[in-house]
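Shown next, in structure tokens, is the structure this report addresses.
Just so it is clear, none of the values below were taken in a lab; they were calculated from the coordinates. Note that the structure is predicted; figures quoted are calculated from it, not measured. Here the Cβ is made from the backbone with ideal geometry for all residues, glycine too, and neighbour counts use every protein chain on show.
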Amino acid sequence: MMEGRKAYEEKLDAQLKEWKSRITVLKAKADTKTDYDTIIQALEHKQDEAMTKLRELKTAGDEAWEDHKSGFEKVLDAFQTAFHGAAENFK
């Protein structure tokens, strides 16, 4: 169980790092489109929520870990939906 948990947490860390990079790319595009600042701020807020949930997941005991995993996955889905919607605005 512990190895699977560790691998899952590492996968989530990598995903959050990738999102940070993608947000940076969108920011560069938004620099010429000041009206997109609100979109970028909303994405950064969702990313912060995901990082908070990941910290909670990592520090959860074995019994609570599955509940925290479920909560993180909801935040993950919300972020992905928001990101893909935002990315469409920058095309």
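Projecting the Cα atoms of Gln80, Leu26, Gln15 onto the charge dipole of region 2-89, computed from C-beta unit charges around the Cα centre, puts Leu26 farthest toward the positive end.
For Cα Rg over 2.2 N^0.38 Å, pick the label among (1) 0.96; (2) 1.57; (3) 1.21 that corresponds to the value derived from the coordinates. It is the value labelled (3). For the chain, the dipole from Cβ point charges (+1 on Lys and Arg, -1 on Asp and Glu) about the Cα centre works out to 380 debye, to the nearest 20. May I ask for the angle, rounded to the nearest 10°, between helix 37-59 and the longest principal axis of the chain, with both axes built from Cα atoms and the value confined to 0 to 90°? So the inclination is approximately 10 degrees. Residue exposure proxy: Tyr8, Tyr36, ordered by other Cβ atoms within 10 angstrom of their Cβ from fewest to most, comes out as Tyr8, Tyr36.
Comparing Glu63, Glu44, Glu73 in a Gaussian network model of the chain (Cα springs below 10 Å), the most mobile by mean-square fluctuation is Glu63.
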